[in-house]
Every structure is written in structure tokens, then in C-alpha cells.
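Comments concern the structure below.
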Amino acid sequence: MLNIIEVNLNLVVNGLSQSEENYLKEIFHLGLGDRKKVSTNSLAEKLGTKASSITDMLKKLADKDLISYERYRGCQLTGQGIRIAVQIVRTHRLWETFLVSKMGFRWDEVHDLAEQLEHVHSAKLVDGLDKYLGFPKFDPHGDPIPDKRGNILDRKSKIPLCETAVNSNVEIVGVTDDSLQLLRYLDEVGLKLGTKLRILEKYAFDESLKVRFSNGKQFNLSNKVAANINVRNVSKT
């Protein structure tokens with residue numbers, strides 16, 4: 001269990017715009033959930049905006065003591081910034097879980113909806129949603145859901161599918177890219193969380209994989225797809 005920070009979910013995020021909250025969330029993701037430095041360029045690439053706009057926002061967040069920022073040296077979340085970012089991430093992933101498990105949405109349909117719902121700040125609502133869902137540990141994409149104290153389960157046993165050995169048996173536990181294109185492709189070929197595979201062959205030419213489903217069906221996966229699927233080793237498929 002990775003303890004990021006204890007989060008008081010009664011914290012009311014006052015005075016922050018949705019854009020500011022989104023920046024905190026992306027800095028959290030790019031910093032791997034800790035106080036690692038995040039470059040302006042990586043943030044601009046992630047958010048699809050100009051570096052000059054990024055700089056202006058970082059200055060605003062630094063003025064509110066939510067990040068520390070040095071020009072040309074990147075930024076990192078403060079303790080308060082982490083508390084707010086974890087709260088937003090928790091809310092987002094709980095809503096994604098609700099939409100998939102209770103409302104019948106596909107995993108490629110929920111991100112944009114959860115982006116809107118994550119900005120509704122009500123500790124009572126979020127805690128009630130968590131309880132209603134049975135306190136899930138992971139969202140529909142396999143990402144860990146912070147609990148109400150900010151603890152995030154660290155699934156250390158996961159590895160990218162592209163790094164698995166030939167003749168190993170694995171189970172899909174998540175994706176690193178939750179883009180619409182990838183998720184729809186995975187649906188089309190029958191790859192989802194919980195799918196078990198056996199690695200039959202890894203081709204030296206392009207590092208693509210031949211895998212076998214538990215029903216005996218065989219399929220070739222490109223290295224790019226395999227690099228964006230996380231798996232854990234299992235005894236058999």
C-alpha cells in the first residue's frame with residue numbers, strides 16, 4: 001500500500017477553477033503521484049497547449065502554494081497540491097467505475113464524463129459513491145483508486161505485456177494509455193481487464209507478439225499495443 005498522503009475529503013476546494021484543478025491532476029500523474037519534478041514541456045505536451053500558457057498557470061498555482069515552480073527547472077506539487085490532486089483523481093476514478101459497473105457504459109466512453117463529474121466537490125457524495133460501489137481498489141482501466149485517506153494500492157506485480165517472456169501465462173490488469181482509439185481497438189479484438197493470455201512467440205523483426213486466448217484463439221499484437229497493456233503473471237490460462 002503506497003501512502004501518498006492522508007487526505008481530508010471534507011476539504012473544500014475553494015477559489016480554484018476547473019483549469020487549475022486539471023493542471024494539478026496532470027502534474028500529479030506526470031510526477032507519478034509523488035513530489036517529482038515535472039517539466040514545462042512535458043506538461044505542455046500532455047495538455048496540448050503552448051508553453052507560454054503553461055508558464056502563466058504555473059505561476060498562479062505557485063502563488064497559491066499548490067506547487068513549487070522554478071523557470072527552466074520545472075514544477076512539483078506541494079503537500080496541499082497533492083491533497084487536492086488526490087481528491088480529484090479519487091473522484092474521477094470512482095465515477096468511471098460507477099458509469100461502467102452500474103450504468104452500462106463501455107470503458108472507452110467514461111473518461112470525458114468523469115472529467116466533468118470530478119469537479120463536483122462533495123465529500124459526502126464521494127464517500128457514499130465509494131461505499132455504494134463496495135470500496136473498489138481499481139477503476140475500469142486498472143488504475144488504482146485512492147481511498148478516503150489518500151492511500152493508493154501499489155500493484156507492484158504488473159509489467160508491460162511487451163516485456164513478458166515467451167511461454168508465460170498472464171492476465172490483463174490495466175492499460176497505460178486510455179485513449180479512445182486504443183480502448184476501442186482492445187474491445188474489437190477481445191482484450192479487456194481479466195483476459196488471460198499465453199505468450200506463444202515474440203518476433204525479433206518488430207518485437208510483436210503472438211498470443212493465445214484461453215479459448216484457444218491465437219492473435220498477433222504489435223509492440224505498440226503490447227507496450228500499453230499491463231499484465232500480471234498467472235499459473236495458467
Q. Of the residues 97, 78, which is surrounded by 16 or more Cβ atoms within 10 Å (Cβ to Cβ), in contact with an Asp or Glu (Cβ under 7 Å, 6 or more places away or on another chain) and closer than 14 Å to residue 24 by Cβ?
A. 78
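Look through segment 62-85, keep the residues that are assigned to a loop (DSSP other than H, G, I, E, B) and charged (D, E, K, R), and return whichever of them is farthest from residue 37 (Cα to Cα). Please lay out each step first, then the result.
Taking segment 62-85 and keeping what is assigned to a loop (DSSP other than H, G, I, E, B), we get 64-66, 71-73, 78.
Next, only the ones that are charged (D, E, K, R) stay: 64-65, 71, 73.
Numbers: 64: 18, 65: 15, 71: 12, 73: 8 Å.
Here the answer is 64.
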Q) Which is at pLDDT below 65, surrounded by 12 or more Cβ atoms within 10 Å (Cβ to Cβ) and either of a type in the set (Asp, Glu) or in contact with a strand residue (DSSP E or B) (Cβ under 8 Å, 6 or more places away or on another chain) (or both), of 27, 4? A) 4
Q) Counting just the residues of segment 7-24 that are at pLDDT below 80 and touching a helix residue (DSSP H, G or I) at 6+ places or on another chain (Cβ under 8 Å), which one comes out surrounded by the fewest Cβ atoms within 10 Å (Cβ to Cβ)? A) 10
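If you check 223, 169, 151, which single one turns out to be surrounded by 17 or more Cβ atoms within 10 Å (Cβ to Cβ) and modelled with pLDDT of 95 or more? First the steps, then the outcome.
Values: 223 fails: surrounded by 17 or more Cβ atoms within 10 Å (Cβ to Cβ); 151 fails: modelled with pLDDT of 95 or more.
That would be 169, the only listed residue that is surrounded by 17 or more Cβ atoms within 10 Å (Cβ to Cβ) and modelled with pLDDT of 95 or more.
When the residues of segment 30-53 are narrowed to those that are touching a residue at least 24 places away in the same chain (Cβ under 8 Å) and of a type outside the set (Gly, Ala, Ser), which ends up farthest from residue 85 (Cα to Cα)?
So in segment 30-53, the residues touching a residue at least 24 places away in the same chain (Cβ under 8 Å) come out as 31, 33-40, 43, 47.
Right, trim to of a type outside the set (Gly, Ala, Ser) and you get 34-38, 40, 43, 47.
Details: 34: 11, 35: 12, 36: 14, 37: 15, 38: 14, 40: 18, 43: 15, 47: 16 Å.
Within segment 30-53, the match that is farthest from residue 85 (Cα to Cα) is 40.
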**Q.** Residue, modelled with the lowest pLDDT, within segment 30-59, restricted to residues that are aliphatic (A, V, I, L, M) and assigned to a helix (DSSP H, G or I)
**A.** 51
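The values are calculated or read from the model by the stated rules, or taken from the named source; none is laboratory data. These figures come from a predicted structure and were not determined experimentally. Counting neighbours? That spans all protein chains shown, and the Cβs are built from the backbone with ideal geometry, glycine included.
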